[in-house]
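**Student:** One structure is given below, represented as structure tokens, and several questions about it will come after.
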Amino acid sequence: MALAIIFYPLIVRTPIDLDKVSIELTKVALKSGTTGEEELSLELTLTLTNLNNFALTTSRIDYELFADGASIGTSVLSYEDVPPNGRPALFSGDSVPLRHLFTYKYSDSQAETFNKIMSNSTQIAWNVTGSAFIESGTTLETKQFSDSL
């Protein structure tokens, strides 16, 4: 009996339908940065929706952020050091917004984009691409995503 309990997670796999998981870019907002500073702090909100019949979570989201078609950098939203019960819960039929601070450093080659973000980030076409680790109790899958705002 003890062997069955120990090996149960190794033989049982909860199939995740990644088509029923969506990741949307729902907000990009300038949090800090003024003229003369060489970096901006942007708050990015990704909304994860789970339409599977069971709860899921995520441990890591790697993404690249674009402003008006130009890449402004990559970042990682990670919960890998958090126990599974403390990670974002993606309940069945529910959506969860995840916020992340993104630091954008000034470069001469992207001065125009940098200044445009600093002056009025609502007039920018934002895009994000990336991958997320989606987990059930016994399964880990990678979900590729791309969205625009």
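The values are calculated or read from the model by the stated rules, or taken from the named source; none is laboratory data. What you see is a predicted model, and the numbers here were worked out from it, not measured in a lab. No Cβ is skipped: glycine too gets one built from the backbone with ideal geometry, and neighbour counts run over all protein chains shown.
**Student:** Restricting attention to region 1-53, which residues are at pLDDT below 85, within 26 Å of N85 (Cβ to Cβ) and polar (S, T, N, Q)?
**Tutor:** Answer for region 1-53, where residues must be at pLDDT below 85, within 26 Å of N85 (Cβ to Cβ) and polar (S, T, N, Q): just T14.
**Student:** Follow-up question, since we're still on this one. Just checking, how many residues over region 82-100 are surrounded by fewer than 17 Cβ atoms within 10 Å (Cβ to Cβ) and part of a strand (DSSP E or B)?
**Tutor:** The number of residues fulfilling the criteria is 7.
**Student:** In region 90-124, what residues are in contact with an Asp or Glu (Cβ under 7 Å, 6 or more places away or on another chain) and modelled with pLDDT under 95?
**Tutor:** Within region 90-124, T103, Y104, K105, Y106, T113, I124 meet the criteria.
**Student:** Look at K27 and say whether it is in contact with a Pro (Cβ under 9 Å, 6 or more places away or on another chain) and either loosely packed, with under 15 Cβ neighbours inside 10 Å or among the charged types (D, E, K, R) (or both).
**Tutor:** yes
**Student:** Then there's this: Report, by residue number, each residue of region 65-80 that is touching a strand residue (DSSP E or B) at 6+ places or on another chain (Cβ under 8 Å) and not in a loop (DSSP other than H, G, I, E, B).
**Tutor:** Result: L65, F66, A67, S71, I72, G73, T74, S75, V76, L77, S78.
**Student:** Also: Restricting the search to region 44-68, which residues are of a type in the set (D, E) and over 19 Å from F145 (Cβ atoms)?
**Tutor:** Scanning region 44-68 gives a single hit, D68.
**Student:** Could I ask something else about it? Within region 106-135, work out how many residues are over 17 Å from T74 (Cβ atoms) and either of a type in the set (V, I, T) or assigned to a helix (DSSP H, G or I) (or both).
**Tutor:** 13
**Student:** Still on this structure: Taking the options T103, T138, name whichever one is in contact (Cβ under 8 Å) with a residue 60 or more places away in the chain and in a strand (DSSP E or B).
**Tutor:** Every option except T103 fails the conditions.
**Student:** Related question: Give me the pairs: first residue in region 68-86 and closer than 14 Å to Y106 by Cα, second residue among the polar types (S, T, N, Q) and surrounded by 11 or more Cβ atoms within 10 Å (Cβ to Cβ), beta-carbon distance under 6 Å, and six or more apart or on different chains, which are they?
**Tutor:** From region 68-86, the pairs are A70/T113.
**Student:** Here's something else I'd like to know. In region 30-55, which residue that is aliphatic (A, V, I, L, M) and out of contact with any Pro (no Cβ under 9 Å at 6 or more places or on another chain) is nearest to L140 (Cα to Cα)?
**Tutor:** Top of the filtered list is A55.
**Student:** Follow-up question, since we're still on this one. Name every residue in region 125-138 that is hydroxyl-bearing (S, T, Y) and either out of contact with any strand residue (DSSP E or B) (no Cβ under 9 Å at 6 or more places or on another chain) or modelled with pLDDT of 95 or more (or both), in order of residue number.
**Tutor:** Passing the criteria: T129, S131, T138.
**Student:** Please indicate, with yes or no, whether at least one residue in region 54-64 is modelled with pLDDT under 95 and not in a strand (DSSP E or B).
**Tutor:** Yes: region 54-64 contains one or more residues that are modelled with pLDDT under 95 and not in a strand (DSSP E or B).
**Student:** Within region 30-43, count every residue that is over 29 Å from A55 (Cβ atoms), in a strand (DSSP E or B) and in contact (Cβ under 8 Å) with a residue 40 or more places away in the chain.
**Tutor:** Qualifying residue count for the region: 6.
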